[in-house]
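Below is one structure; the comments refer to it alone.
The values are calculated or read from the model by the stated rules, or taken from the named source; none is laboratory data. Given the structure is predicted, the values throughout are model-derived calculations rather than measurements. Using ideal geometry, Cβ is built from the backbone for each residue, glycine included, and neighbour counts are taken over all protein chains shown.
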Amino acid sequence: MFLLDSRVIYRSGFCVFLMLGSSLFATGSEVLNFNRDIRPILSDKCFTCHGIDEDSREAKLRLDTPEGAFRKKRRGKAALVAGKPDESELWLRIISDDEDKMMPPLDSRKTLSNEDKRLIKRWIEGGASYQKHWAFESPVMPILPPGQGSEIDRFVGSVLKKNNLQPSPEANREVLIRRVSFALSGLPPTIQEVDRFLSDQTDGAYERMVNRYLDSARYGEEMARHWLDAARYGDTHGMHLDNERQMWAYRDWVIKSFNDNLPYDDFTVEQLAGDLLPNPKVDQLVATGFNRCNVTSGEGGSIKEELIFRYAVDRASTTAQVWLGLTAQCAACHDHKYDPISQKEFYSLYAFFNSNADPAMDGNSLLTAPVIKVKSENYEAKIAEYNKLSNGVVQSMKKLPVWNSYQDPAGNKSSGRIEDTEAIWFEDEFPNGAKVGSSGHPLTLVDQPVFSGQKALKRGGKEMAQDYYESGAAPLTVPSGSRFFLHVYLDPKDTPEEVMIQFHGSAWNHRAVWGADIIDFGKKGTSQRFVAGPLPETGKWIRLEVPGEKMGLKAGMQIVGFAFTVHGGTAYFDHFGVLGSEDPTTDPKASFLAWRKARQVNGVPEPLRQWLQEGVEKERKPSELALLKDYYLTRICGTLGKEFEAKRTELTKVESEQANYEKGLPSTFVYRDLPKPRESYVMKRGEYNQPGEKVEPGTPSVLPTLVKTGKRATRLDLANWLVSQENPLTARVVVNRFWQQLFGIGLVKTSHDFGTQGDLPSHPELLDYLALRFQANGWNVKALIREMLLTKTFRQESAAASPRWDNDPENRFLARGPRFRLDAEQLRDQALFVSGLMNFKMGGRGVMPYQPPNIWEPVAFGGSNTRFYKRGNGADLYRRSVYTFFKRTAPHPMFANFDAPAREQFCVKRERSNTPLQALQLMNDVQHFEAARGLGERAMKSTSDRGKRIDFIFKSVVSRLPGMEEKKIIARFFEKQFKKYQSAPEEAMKATTFGESEPAKDLNSSELAAWSLVANLILNMDEAIVRN
């Protein structure tokens, strides 16, 4: 039961503040309200020394609770005496002139204004009543105010009425569709979309237009952009080398989740505890990447325990900020100065994340465990297709006569004769299926000089250069008594200092060198780097030989790759192979028993691998022996003839394709806990190596009690607690951020801080209504967004008379429509979209669009794989900005220039600055100028009429036709530029060839250059860079 007053709702003994007045403070005739009028003063001026933090509390006095403030000391007065300022020590200290007694003290550099003092005195005179902070009270469904329009409109209208304000008229349709289009897709509407909306004069036209954008795939990309700021998503580790990390599958999951309208409670649970759900799906595991987005380090000398501690602090702080809107990280070193979060409670929250299975050191690796493969939707069908092909080949092999006629020579004593063998490993090309890589110039096979066959391999470079492979081909077997040979021709005009051959078994650990021995591969003086002799004679083919044992190559070893390597010159390689001598009874390529004894498990699948490792001593079932023999004959045995080998090559090709397909599947970071949880402690002063009191996973006591499903609370318990009906913060926090996204500012301005230092809600009843309705509707994000967009409040025109702007510059009372500058990504995407250059491909690794030179290099370490910016080409240059590769230590300059965060930590609200550099970038940046040319080209192709071309460009960018005067100005501007370029065609050519895309060859370059400048002009209009 509650009583409704124009100012206050009384519920369960607490006064829950509702700010409905236009002033931040009460006037002399108004009833004072603690949360509105007094708490902000005490929080700012007093709580640092007289708040929750016991360690920094002065004089053992607490002013954040009535118990502390009214407690009478043994000596002297109580800080507060209800109704009696002159007996209240707080008031006496405030008005004291004694520098030793006055409060706040001089050294605090905080002062109270006369208005502050007046309010405090009135408050004490009125009884000095306290209230619990509004955000920690459960929301209550308020009584719907009278009025017209939607529920949201009526709450807004109630506040407008109490402040003697009127709503603004509805914006015209051109403004509305552009406003909605940017809000939901981050792009302007097309001319066709504008015309469709303008021509639809039936009831529900606006709602249908909103629904079209909600159903677009572009919606998820725009919504995800805001969430990725909060999640601190990036494509690099963020510290030290800032190397690339592969977790773009998480970004794609966020986009898909918004497009699929995943309920926000599920969205929460899957990110915080998807791995703890029963039989989690791949998508739910990918979602846990949220807690792997934090910056990590692989720097040598770092302290393992410190990094693990820092990661857990980051994850706890991010969770509290993103879902609860609380600055919990302030309690990492001491009790929170302002909010009721003790240090012990922070470390109880930290304990949920202190058993992470990921290592302290990221290894500067692309993938740092735990990771998973992200299988596509057609994965099972693709694998079934490969299995069908390979099974078909195997069946055809079994039909050949040699299959049934094979006899193991180990069981036939007459087969035990020694045979000399020669196997050619390279002749004209690398082994079939080999995935060849090169360092230096690309793989080059030449017709001259050639030792034998049709081709020889040419390899050269100023320093180390090589051609190699380490996957894709069938393994090659080292014979007994192996002696490797190769033929080398050294260029007499560019003689290398050294030539080398390398072999990959389980690793690149086997090499032979001829020459200077300066390539720093392997350990010098060992089989990893055996010096086989001096450089051979130049200008002629020379045969080089080296015993396999000198390179650590033992009989039966499986070789999965080899390399031809040179240093400082050019060499040709041909006719490379190995000599050996084999006893068929002991040769794994001839004898099934010998193969089993050799335990050659490389590439063998389970359970056959395990059976081989257990050796021939363990008795096997007939069915197991049959499976082993089938594998041996189809993939290992080398004595079955050419027809059988041809079939094996066919099988190898299929299996190689399947292996490459599976290898090509992206992996992504996921979150998991250790099997045994780490112990967690309150860390004294926030020091990683100063453990104090032991803590268990838990939540702040000021909020509802956490329900545990077991003896120890889990992350799943935490996630369910966050989205429980009882939690007063989660729904409020997220609906406020969605409101901020659409209206430019939240109902709570400090969307990052719902604590006592944060701003009070401008429309508290509306906030509670939205939060409760969001929960009641099953946390349906699209329904919430739709409800906000369909309001008259959102549809108001943003233009207003000066007094309205002067009295409410931030539009807190919502007496006009939202108007604010577009975000960095929206500005770039708008230019690409209207140019016709945009590539709408979704997902995948981040791309490298244009950016100025020398952005990454100055901040990069020498060994970083993101030291040098390697610009993309073709369609990659024109992808949406959400897919731009995000290097944390050097974000794309467009993003940094327009206030995007570096994502080194969470960000739930971007700032908006105005600088000259922004204008210079929009006018001169390659991406933007190329886009302007693309738009000019589209205009020229759309019509031959100059006036209609102006209309086309104008409407493409700002969704309306230009006014008569605007059109005249643009026409004069065009004529001026056209004449200039006609007299300087070389300048016109420069203006139309910015960027990689080529201008249409059938268009006059001088005219195209002039239209490009017209497009550039319109793209830089104030109306183009803001959302009206």
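Structure above, values below:
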item	result
Pair list, Cβ < 6 Å and 6+ apart or interchain, from region 425-439 residues that are in a strand (DSSP E or B) to residues that are buried (at least 19 other Cβ atoms within 10 Å of the Cβ) and of a type in the set (Gly, Ala, Ser)	SER439/ALA465
Those residues of region 1008-1026 which are surrounded by fewer than 20 Cβ atoms within 10 Å (Cβ to Cβ) and under 15 Å from GLN977 (Cβ atoms), in sequence order	LEU1017, ASN1020
Members of region 650-695 that are over 27 Å from the mean Cα position of the chain (by Cα), surrounded by 13 or more Cβ atoms within 10 Å (Cβ to Cβ) and part of a helix (DSSP H, G or I)	GLU650, LEU651, THR652, LYS653, VAL654, GLU655, SER656, GLU657, GLN658, ALA659, LYS684, GLY686
Test: GLY615 is in contact (Cβ under 8 Å) with a residue 40 or more places away in the chain and out of contact with any helix residue (DSSP H, G or I) (no Cβ under 7 Å at 6 or more places or on another chain)	no
Tally of residues being more than 20 Å from ALA328 (Cα to Cα), modelled with pLDDT of 80 or more and in a loop (DSSP other than H, G, I, E, B) across region 28-61	6
Some residue of region 997-1014 being farther than 23 Å from LEU837 by Cα, hydrophobic (A, V, I, L, M, F, W, C), part of a helix (DSSP H, G or I) and touching a residue at least 12 places away in the same chain (Cβ under 8 Å)	no
Positions within region 427-464 being in contact with a Pro (Cβ under 9 Å, 6 or more places away or on another chain) and among the hydrophobic types (A, V, I, L, M, F, W, C), in sequence order	ALA456
Verdict on GLY872 being within 21 Å of the chain's Cα centre (by Cα), of a type in the set (Gly, Ala, Ser), surrounded by fewer than 15 Cβ atoms within 10 Å (Cβ to Cβ) and assigned to a loop (DSSP other than H, G, I, E, B)	no
Residues being assigned to a helix (DSSP H, G or I) and at pLDDT 95 or above - total across region 833-863	3
Residue match in region 242-255 (condition: among the small types (Gly, Ala, Ser), out of contact with any Asp or Glu (no Cβ under 6 Å at 6 or more places or on another chain) and closer than 18 Å to PHE886 by Cβ)	yes
Positions within region 140-194 being assigned to a helix (DSSP H, G or I), under 17 Å from PHE813 (Cα atoms) and in contact with a Phe, Trp or Tyr (Cβ under 9 Å, 6 or more places away or on another chain), in sequence order	GLU151, ILE152, PHE155, VAL156, VAL159, LEU160
Selection count where residues are farther than 14 Å from ARG208 by Cβ, surrounded by fewer than 22 Cβ atoms within 10 Å (Cβ to Cβ), of a type in the set (D, E, K, R) and in contact (Cβ under 8 Å) with a residue 12 or more places away in the chain, scope region 176-195	0
Neighbours by Cβ (under 9 Å, 6+ apart or cross-chain): first from region 478-490, assigned by TED's automatic domain parsing to the domain that holds TRP541 and closer than 13 Å to PHE503 by Cα; second assigned to a loop (DSSP other than H, G, I, E, B) and among the basic types (Lys, Arg)	VAL478/LYS554
Residue within region 477-495 that is more than 19 Å from PRO431 (Cβ to Cβ), within 44 Å of the chain's Cα centre (by Cα) and not in a strand (DSSP E or B) present	no
Restricting region 918-970 to residues that are surrounded by fewer than 19 Cβ atoms within 10 Å (Cβ to Cβ) and β-branched (Val, Ile, Thr), the residue that is farthest from ILE177 (Cα to Cα)	VAL926
Boolean, ALA205 is without any contact (Cβ under 8 Å) to a residue 12 or more places away in the chain and over 33 Å from the mean Cα position of the chain (by Cα)	yes
Verdict on ILE501 being surrounded by fewer than 21 Cβ atoms within 10 Å (Cβ to Cβ), among the hydrophobic types (A, V, I, L, M, F, W, C) and touching a residue at least 24 places away in the same chain (Cβ under 8 Å)	no
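Listed here are the residues, each with its yes/no results for (1) under 30 Å from VAL156 (Cβ atoms); (2) in contact with a strand residue (DSSP E or B) (Cβ under 9 Å, 6 or more places away or on another chain); (3) among the polar types (S, T, N, Q).
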residue: PHE820; (1), (2), (3): yes, yes, no
residue: PHE833; (1), (2), (3): no, no, no
residue: LYS841; (1), (2), (3): no, yes, no
residue: GLU857; (1), (2), (3): no, no, no
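This table checks each residue for (1) in contact with a helix residue (DSSP H, G or I) (Cβ under 9 Å, 6 or more places away or on another chain); (2) assigned to a strand (DSSP E or B); (3) crowded, with 17+ Cβ neighbours inside 10 Å.
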{"site": "ASP314", "(1), (2), (3)": "yes, no, yes"}
{"site": "THR319", "(1), (2), (3)": "yes, no, yes"}
{"site": "TYR338", "(1), (2), (3)": "yes, no, yes"}
{"site": "GLU345", "(1), (2), (3)": "yes, no, yes"}
{"site": "ILE372", "(1), (2), (3)": "yes, yes, yes"}
{"site": "SER376", "(1), (2), (3)": "yes, no, no"}
{"site": "ALA384", "(1), (2), (3)": "no, no, no"}
{"site": "LYS388", "(1), (2), (3)": "no, no, no"}
{"site": "MET397", "(1), (2), (3)": "yes, no, yes"}
